Amino acid sequence: MKQSIFIIAFFLFSLAVNAQNQIEICQNKTTHLIAKEKITYVQVGDPDKLIAEVVPEQPNMVRVKAVDDFEGESSLTVVSANRSYSLFVKYSDANKISYQLEEFHGDKAGDLKIGPVPEYLLKELCSQILRDCTQKTIQTKSKKDGIIFRLRNLYLKQDLLFFELEITNTTNIVLDMGAIHWWIDDRKQVKATNAQEYQVEELYRHYKWERIPAKTTLREVVVLPKFIVPDKRILKIELLEKALGNTGRKLTLEVKNETILKANSF
């Protein structure tokens, strides 16, 4: 009898938590999640149903929008202030378009910035990749005004993807690194307004180069959570140069799902 009461109580508690952790979105409105502190991780359950990204100008906000009308539910995970919020996302033309993140039930997240592997081990794994030059180089590169941006290799270990990048500065002027952005985007965009993209957050970067000296080639390893790219989409890696008035060069690598599926295990 006591066991039955416990099971019923647990079931009712689960229903209450699920109802509490639900947001509604639609296609013609943008919904925002607002946190008290910086948001460090965002992941959507089904990228064909919704897109979500941290607002660049407001790192404590996430904007969410439906890709199209959909039935049923999807999910959204957001981490802020070392707490993980798992939200159920429903399509509805509701009036509410903003939510306070802390109003939802959240669990202690741990240090997600270094992923499921300790930071000291990530450092050693990245060093191992940079020491090993035996793998055949992936032929994915971008060139612009004397700068060559290349994806050398891609590795998989413990549900993590290790991207080995190479940046070559063939000019006589130092390259000031701006940022490296990771996006999953449509392969073909007929109209800018139809573009559906979402950002993939880095878990760890080995060297964090800020400058590439003249006539120099440097390698870097960036760790991302394991993922695959949905049909008709592509992973874009954008290297931005820091310059006055946003006039810096932008180099973009396009990585197909076939390349990700062939990541080398080590």
Of all strands (runs of 3 or more DSSP E) fully inside segment 138-184, the set with 1 or more residues that are under 15 Å from residue 266 (Cβ atoms) is 147-157, 160-169
List the residue pairs whose Cβ atoms are under 8 Å apart, where the first residue sits in segment 126-140 and is farther than 18 Å from residue 255 by Cα and outside the structural domain of residue 157 (by TED's automatic domain parsing), the second is among the polar types (S, T, N, Q) and loosely packed, with under 15 Cβ neighbours inside 10 Å, and the two are 6 or more positions apart or on different chains. none
Those residues of segment 142-186 that are of a type in the set (S, T, N, Q) and either surrounded by fewer than 16 Cβ atoms within 10 Å (Cβ to Cβ) or touching a helix residue (DSSP H, G or I) at 6+ places or on another chain (Cβ under 7 Å) (or both) come to a total of 4
Could you identify the single residue in 170, 252 that is out of contact with any Phe, Trp or Tyr (no Cβ under 6 Å at 6 or more places or on another chain), polar (S, T, N, Q), in contact (Cβ under 8 Å) with a residue 24 or more places away in the chain and closer than 28 Å to residue 66 by Cβ? 252
Would you mind finding the one in 54, 42, 78 that is touching a strand residue (DSSP E or B) at 6+ places or on another chain (Cβ under 7 Å), surrounded by 18 or more Cβ atoms within 10 Å (Cβ to Cβ), in contact (Cβ under 8 Å) with a residue 60 or more places away in the chain and more than 25 Å from residue 231 (Cβ to Cβ)? 54
Determine whether residue 22 is modelled with pLDDT of 85 or more, of a type in the set (S, T, N, Q) and more than 20 Å from residue 203 (Cα to Cα). yes
How many residues does segment 85-105 contain that are under 14 Å from residue 38 (Cα atoms) and crowded, with 17+ Cβ neighbours inside 10 Å? 2
Extreme residue, modelled with the lowest pLDDT, among residues of segment 244-255 that are touching a strand residue (DSSP E or B) at 6+ places or on another chain (Cβ under 7 Å) and not in a strand (DSSP E or B): 248
Quick one: which of 220, 238, 258 is of a type in the set (D, E, K, R), more than 25 Å from residue 132 (Cβ to Cβ) and at pLDDT 90 or above? 238
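The values are calculated or read from the model by the stated rules, or taken from the named source; none is laboratory data. Just so we're clear, the structure is a prediction, and the values are computed from it rather than from any experiment. Virtual Cβ from ideal backbone geometry, glycine too; neighbours counted across all protein chains shown.
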